Amino acid sequence: MIQVNVKRREDHVISFTMSGHADFAEHGSDLVCAGASSIAFGMVNAISEIKETEPIVEQSEGYLHYVVPIEWENDTTVQTLLTGMEHQLRSLAYSYPDHIKIYSN
């Protein structure tokens with residue numbers, strides 16, 4: 001199962017961690033895993049493009065961790081992207097509840 005933990009400070013997303021595997025289908029054919037990865041990496045890349053900087057992420061097989069630089073925490077565009085990512089992942093989790101869970105704290 002993919003687990004996504006979205007951390008907030010007040011009403012701002014400050015980081016997220018995605019870990020695990022969906023186990024919806026065999027490796028290379030797993031649409032849930034592909035969807036979740038696409039959503040998360042798309043958001044990281046969008047922020048990188050807007051801020052014209054390389055993203056700082058920790059990643060390995062089945063693991064992605066992204067921390068919003070503190071100077072961007074109040075940036076409306078960055079927060080809109082992060083909130084959109086969270087909503088997209090929640091939609092995916094709604095459709096595939098046995099394969100992806102979203103936590104927010």
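Computed 3J(HN,Hα) for segment 25-31, one whole-Hz value per residue from the Karplus formula 6.51 cos²θ - 1.76 cosθ + 1.60 where θ = phi - 60°, is 8, 5, 3, x, 10, 7, 5, glycine and proline marked x. Across segment 36-43, coupling constants 3J(HN,Hα) worked out from phi with the 6.51/-1.76/1.60 Karplus curve, θ = phi - 60°, read 4, 5, 4, 4, 5, 5, x, 5 Hz, and Gly and Pro carry x.
Taking the Cβ of residue 65 as the centre, find all other residues whose Cβ is under 11 Å away and add up their charges (Lys, Arg: +1; Asp, Glu: -1). The answer is 0. Computed from the alpha carbon positions, the gyration tensor of segment 2-104 leads to an equivalent ellipsoid with semi-axes of 24, 14, 11 Å, biggest first.
Taking each DSSP H run with n ≥ 4 as -39500 (n - 2.57) and averaging over every residue of the chain yields -13500 deg cm²/dmol at 222 nm. Coupling constants for segment 90-105 follow from the phi torsions by the Karplus curve (6.51 cos²θ - 1.76 cosθ + 1.60, θ = phi - 60°), and in residue order they are 5, 5, 5, 5, 5, 6, 10, x, 8, 10, 8, 10, 10, 10, 9, 8 Hz; glycine and proline get x. Annotation: amide H of residue 14 within the under-5 Å range of 7, 8, 9, sequence separation 5 or more or interchain, hydrogens built in the peptide plane.
About its Cα centre, the chain has a charge dipole of approximately 300 debye under the convention of +1 per Lys or Arg Cβ and -1 per Asp or Glu Cβ, with nothing else charged.
With the highest mean first, a sort of the peptides 3-12, 32-41, 73-82, 51-60 on other beta-carbon atoms found within 10 angstrom per residue produces 32-41, 73-82, 3-12, 51-60.
No value in this document is a laboratory result; all are computed from the given coordinates. Predicted model only: the values in this text are computed from it and were never measured. Glycine gets a Cβ as well: all are built from the backbone with ideal geometry, and neighbour counts include every protein chain shown.
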